Structures are given as structure tokens and as C-alpha cells.
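The values are calculated or read from the model by the stated rules, or taken from the named source; none is laboratory data. This one's a predicted model, so the numbers in the text were calculated from it and none came from an experiment. Cβ placement follows ideal geometry from the backbone for every residue including glycine, while neighbour counts extend to all protein chains displayed. Surface accessibility is based on the protein's heavy atoms, side chains included, excluding ligands, DNA and RNA. Shrake-Rupley method; radii C 1.70, N 1.55, O 1.52, S 1.80 Å.
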Amino acid sequence: MKAAFALMLVLAAGQGFAAELDRTPLEAATVDGKKVRLFPNGRWEFVDAALAAEAQKVAADYPENKTRPVDAQGGVFGIGRTIMPGDKDYNRGSLNPKLR
């Protein structure tokens, strides 16, 4: 029993002394032979700058990559109208006369 407790204590203490994980991207190749970088968070990118730029243009066309700009108002959780800066309704405040 004491041996099992000692082993659990050593294993628990070992986690605190674990070295920082290596976060450098890995070099890999696709099935076509194109070189890519694999990042620890699951993201990847082409090593060749021309292929990377082309892939970014293709990815920009997908609707899930079209997000609301930071300065825009409205469109909470994808519902409702998104008002861009410069629009006449941008920062108009409340339409309630009691709050004006």
C-alpha cells in the first residue's frame, strides 16, 4: 500500500516538473509532394509563399471565414443586421425618446 501511495506521489509531482512542450512547427509533405508546416494547435500552411497566398485567397471565399469586422455594430451571433462604420445608422443610439 505504501509503495502504491509513493508511486502516485512521484507521478503527481512529476507533472509539475515537466519541461515546456516544444512548439516549433513540423515540416511535412502532402500526398502531392507539396511542403507544409504543421503547427501544434492543428493549423497548417504551405511553405511556398505563392501556394500560401493562393490558399489564403481560396479560404477567404468560404462563408465561415467571413467574419464581422471589429468596428462593425450589430449582427450578434450572426443574427440581425451588421452596421458598418460610415453607415447613417452607425452609433445612432437608442430610438427611445425617454433615453435621448
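Taking residue 25 and the conditions (1) touching a Lys or Arg at 6+ places or on another chain (Cβ under 6 Å); (2) modelled with pLDDT under 90, which numbered condition does it fall short on, given that it satisfies the others?
Only one criterion in (1) touching a Lys or Arg at 6+ places or on another chain (Cβ under 6 Å); (2) modelled with pLDDT under 90 is unmet by residue 25, namely (2).
Filtering the range 25-44 down to residues that are surrounded by 10 or more Cβ atoms within 10 Å (Cβ to Cβ) and of a type in the set (Lys, Arg), which residue is farthest from the chain's Cα centre (by Cα)?
34
Among the candidates 82, 67, single out the residue that is open to solvent by less than 80 Å² (accessible area, probe 1.4 Å) and farther than 30 Å from residue 33 by Cα.
Testing whether each residue is open to solvent by less than 80 Å² (accessible area, probe 1.4 Å) and farther than 30 Å from residue 33 by Cα leaves just 82.
Looking for whichever is of a type outside the set (D, E, K, R) and in contact with a strand residue (DSSP E or B) (Cβ under 8 Å, 6 or more places away or on another chain) here; the options are 51, 95, 38, 99. Which one fits?
After ruling out the rest, the residue left standing is 38.
Looking only at the range 55-67, decide whether some residue is farther than 28 Å from residue 87 by Cα and β-branched (Val, Ile, Thr).
So far as the range 55-67 goes, yes, one or more of its residues are farther than 28 Å from residue 87 by Cα and β-branched (Val, Ile, Thr).
Just to be sure I understand, how many residues within the range 7-21 are outside any loop (DSSP other than H, G, I, E, B) and at pLDDT below 70?
Qualifying residue count, the range 7-21: 9.
For residue 90, all conditions in the list (1) among the aromatic types (Phe, Trp, Tyr); (2) part of a helix (DSSP H, G or I); (3) open to solvent by less than 100 Å² (accessible area, probe 1.4 Å) hold save one; what is the number of the exception?
Failed condition: (2).
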